[in-house]
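Step one of this worksheet: look at the structure below.
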Amino acid sequence: MSDLVFEIGCEEIPARFIPGALDQIKGAFIEKTTAEMIQAERIEVVGAPRRLTLLAWGMPQRQADREEIKTGPPKRAALDQEGNYTKAALGFARGQGVPVEELYFQTTEKGEVAALRKSIAGRPTLEVLSSILDSIINELQFPKSMRWGELDQRFVRPVHWILASLQGEVVKLSFAGIDSSNQSRGHRFESPEPFEVVGPDQYLELLQQRGVIVDPQQRRSLIRDQLERLAQSVEGKVMDDPQLLDEVTFITESPHAVLGRFDRTYLELPDEVLITPMRQHQKYFSLVDQDGGLLPAFIAVANLGNGDEQIIARGNERVLKARLDDAKFFFEDDLRMPLDQRVEQLGAVVFQEKLGSYLDKVERIQATAAKLARKLAPEKVESVRRAAWLCKADLVTQMVGEFPELQGTMGTIYARKQGESENVALAIAGHYVPRSAAQEDFDLPDEAYLVSLADRADTIVGCFAAGLKPSGAGDPYMLRRHAIAVMAIISRAGYRLQLDELLQSARVALADKVKIDDELFVQIAEFFRDRLYYQWTNAGGRPDVADAVLAAGYNDVLDARARFDALSEFAQRPDFEPLAVAFKRVVNILKQTDEGPVDAALFESQAEHDLLAALESHRAAVDEDLQAGRYIAALTKLVELKGPIDRFFDDVMVLCENTDTRLNRIRLLSGLAALFMRLADFKRLSV
């Protein structure tokens, strides 16, 4: 058995790209070695900023010999009438490199065909790996890649070396002008010289000796231990930030944490003003005391195994001081101008070429949000108007100009300091919530929700009208995220708000900028429908149930979700399938619908009378359940209609020759179908 080390060495890779690349390498290696029958007993992928590595233990020396059955022309084409081999059979045998006498005939789905058993000797693993590793490196995908020099190949960063060693023997491949070897390199500064590698265990040991901890889990654990130790030294603890920990893990090869301090007077600034420069720009960890208050200290993680801690700490302190001095100046200077005076400055900031400036957008948001408030929170119309007017004002502040991550956050801080009401202040940051599809736990005042709905509806409707619809992976204005956020806010706030009412308000506000015809308006509504379907099915919901519920309507998001939950639950019951089958019997025969009055005088059988009586007796009760949102109860009552429906179809010819009788029966079934459609389009269910 042999062990493999495959390492791609390059310039520093962005931290967020590394985990995905390692997953790709591992998945492709398993798939390709399985297909070639040279599976390893154990596989690991590890990586650091300058290297992506696959380690495999226990690979066979060569492929196993195998036998393949090759099939050729049909028997009727392989033999003539006298039973002699034809040119087709001779050509097939010649192409396979065997005498024609070795052919036999085998029965397949296509009938009898010429066939032969062919023994194929396994190739050496070293040879097979050459093509496998070559394809892996060429097929790697990154969110962004680049070319360098005059090369055609693309990669996330310029490649400097390729280590491909199978038990010390070089697996030959070439990429971007770099030939593979059995050599790796250590830490860029501490041990840059090449060194030879035989196997995975030796590789890990030699790299660690040369200043590189290549295993991300080991690096993360080491960083966490260092952070805790240094935080305890100042009687504090590290502010919880798993995302920053992940990022620092993948921007270091030899992490070494150092404690830095800053002047206590900076603590007079809002926490966000201190944390953002440390976290976003310097990748420093903030420290807090036992009560959660910020301490005048931080921890930086250097990418050096050996170095003077004092020198490293002082250097980071000087860098942070400059950042905090800027932040302090920007903060104090911004406060000299009230937010409402900054709104006019938004006229110089373009939102989108066809949709105008941010001032135009704010005016539209204010009009739409006020309209929503008059319906959903009439006592808050004025505070909603005020929140809408100020919601983008911090975009032209110096703090947000320097630290864009603080958009919204600074507006809330400034609004509080300048005497705005708490709900108006909260709405400035809150109208960006939820900031991701995963954010579900948020609790904000109506001002935040209504301004957010108006803002997001304006963006979606405006971008569709400007020809900026999402396509494939392209969604520069994040319209998918905005649509999901709209529905999350409606659900969280419990608003009985029709989607078309929200979108129509945005449409009216945009009328002087872009034209939105009825066809485009329908496309926007269907865009929301697709987002609901994606949300429900991505969370594990049945696709057919989602499709059936949405086909019955989704304009009321709360109602659609409640119907989906109820039908999903009901689908687990034994009486679900009979209910779906009964409905399918109804709609399958209705090529046309007619919901006019049913005339019992035209009935010719008791089954017709029974079905009408069951429908009329259940309709009011089902309507009452639907109005009250008791969807399970409504479904349970609909199940009781199965017997009358089955007897009707057993005894009655719906599409009879008599026009009046046929129409009367169609009206009876149409009324039944309409009752079912209040919940879902059952014909879309899989049973």
Checklist entry - What are the residues whose amide H is under 5 Å from the amide H of G72, where those residues sit 5 or more places off or on another chain and H is modelled from the backbone? => result A114, A115
Checklist entry - How would you classify the stretch 70-161 from its alpha-carbon gyration tensor, with a ≥ b ≥ c the square roots of the eigenvalues: rounded for a/c under 1.5, else prolate if a/b is greater than b/c, otherwise oblate? => result prolate
Checklist entry - Relative to the Cα centre, what is the charge dipole magnitude of the stretch 346-450, using +1 at the beta carbon of each Lys and Arg, -1 at the beta carbon of each Asp and Glu, and rounding to the nearest 20 debye? => result 420
Next on the checklist: Just to confirm the filter: which trypsin sites (Lys or Arg not before Pro) across the stretch 535-603 are DSSP coil and have at most 13 other Cβ within 10 angstrom of their Cβ?
Outcome noted: K591
Checklist outcome for this item: In Å³ per residue, the alpha-carbon convex hull of the stretch 24-137 encloses 132
Checklist entry - Tell me, what % of the accessible area of the chain is carbon and sulfur with a 1.4 angstrom probe? => result 47
Checklist entry - Shape call for the stretch 310-399 from the C-alpha gyration tensor, a ≥ b ≥ c root eigenvalues: rounded (a/c under 1.5), prolate (a/b greater than b/c) or oblate? => result prolate
Checklist entry - Helices from the chain with mean Kyte-Doolittle at least -1.0 and a Cα length along the axis of 24 Å or more, per DSSP H: which? => result 18-35, 309-334, 358-376, 446-465, 518-538, 606-628, 659-677
Checklist outcome for this item: The distance between the Cα centres of the stretch 397-462 and the stretch 291-325, in whole Å, is 31
Checklist entry - Hey, what's the chain come to in accessible area per residue, 1.4 Å probe, Å²? => result 47
Next on the checklist: Name the residue from P14, G91, L79 whose Cα lies farthest towards the positive end of the charge dipole of the stretch 1-114, charges +1 on Cβ of Lys and Arg and -1 on Cβ of Asp and Glu.
Outcome noted: P14
Item to check | Shape metrics for the stretch 482-603, restricted to C-alpha atoms - Rg then Dmax, Å | outcome: 18.4, 59
Next on the checklist: Cα atoms only: what Rg and Dmax, in Å, come out for the stretch 606-687?
Outcome noted: 13.5, 42
Checklist entry - R0 = 25 Å: FRET efficiency of E68 with E101, Cβ-based, nearest 0.05? => result 0.85
Item to check | Debye, to nearest 20: dipole size of the stretch 106-160, +1 on Lys, Arg Cβ, -1 on Asp, Glu Cβ | outcome: 120
Next on the checklist: Suppose we keep just the alpha-carbon trace of the stretch 135-261; what are its Rg and Dmax in angstrom?
Outcome noted: 18.2, 55
Checklist outcome for this item: Among L675, V343, Q606, the residue whose Cα sits farthest towards the positive end of the charge dipole of the chain (+1 at Cβ of Lys and Arg, -1 at Cβ of Asp and Glu, taken about the Cα centre) is V343
Checklist entry - How large is Rg/Rh for the stretch 530-687, to two decimals, with Cα atoms and a Kirkwood Rh? => result 0.99
Checklist outcome for this item: Hydrodynamic calc, the stretch 13-67: Kirkwood Rh from Cα pairs, then Stokes-Einstein at 4 °C with viscosity 1.567 mPa s, so D in µm² s⁻¹ is 105
Checklist entry - Expressed as a whole number of Å, what is the distance separating the alpha-carbon centroids of the stretch 672-687 and the stretch 492-528? => result 27
Item to check | Mean separation of Cα contacts under 8 Å (6+ apart) over length of the chain, as relative contact order % | outcome: 8
Checklist outcome for this item: Honestly the stretch 344-451 on the Cα gyration tensor test (a ≥ b ≥ c root eigenvalues; a/c under 1.5 rounded, otherwise a/b vs b/c for prolate or oblate) is just rounded
Checklist outcome for this item: The lysines whose Cα lies under 21 Å from the Cα of K328, excluding any fewer than 8 residues away in the same chain, are K283, K417
Next on the checklist: In the stretch 202-246, whose amide N lies under 11 Å from the spot 7 Å out along Cα-to-Cβ of S436? List them in ranges.
Outcome noted: 242-244
Next on the checklist: If N is the number of residues in the stretch 111-193, what value comes out of its Cα radius of gyration divided by 2.2 N^0.38 Å?
Outcome noted: 1.58
Checklist entry - Tell me, what does the Kirkwood hydrodynamic radius of the chain come to in angstroms if you use every pair of distinct C-alpha atoms? => result 31.9
Next on the checklist: For the stretch 335-375, what does the convex hull of the Cα positions come to per residue, in cubic angstrom?
Outcome noted: 73
Checklist outcome for this item: In this structure, among K361/K515; K361/K513; K70/K172; K642/K683, pairs with alpha-carbon gaps over 20 Å are K70/K172
Item to check | Gain in span if fully extended, I589 to E309, counting 0.36 nm per residue against the direct Cα distance | outcome: 92.6 nm
Checklist entry - How would Y477, Y414 line up by accessible area, probe 1.4 Å, largest first? => result Y477, Y414
Checklist outcome for this item: Total charge of the residues flanking R492 in space, meaning their Cβ is under 13 Å from its Cβ, with Lys and Arg +1 and Asp and Glu -1, is -3
Checklist entry - What translational diffusion coefficient, in µm²/s and rounded to a whole number, does the Stokes-Einstein relation yield for the stretch 190-303 at 10 °C and a viscosity of 1.306 mPa s, taking the hydrodynamic radius as the Kirkwood radius over Cα pairs? => result 103
Item to check | Lys, Arg +1 and Asp, Glu -1 on Cβ, resulting dipole of the chain about Cα centre, debye, nearest 20 | outcome: 840
Next on the checklist: What do you get for trypsin sites (Lys or Arg not before Pro) in the stretch 113-175 restricted to DSSP loop and a cutoff of at most 10 other Cβ within 10 Å of the site's Cβ?
Outcome noted: K144
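The values are calculated or read from the model by the stated rules, or taken from the named source; none is laboratory data. All values derive from a computational prediction rather than experimental measurement. For neighbour counting, all protein chains shown are included, and Cβ atoms are generated from backbone atoms with ideal geometry for every residue, glycine included. Only protein heavy atoms, including side chains, enter the accessible area calculation; ligands, DNA and RNA are left aside. Shrake-Rupley method; radii C 1.70, N 1.55, O 1.52, S 1.80 Å.
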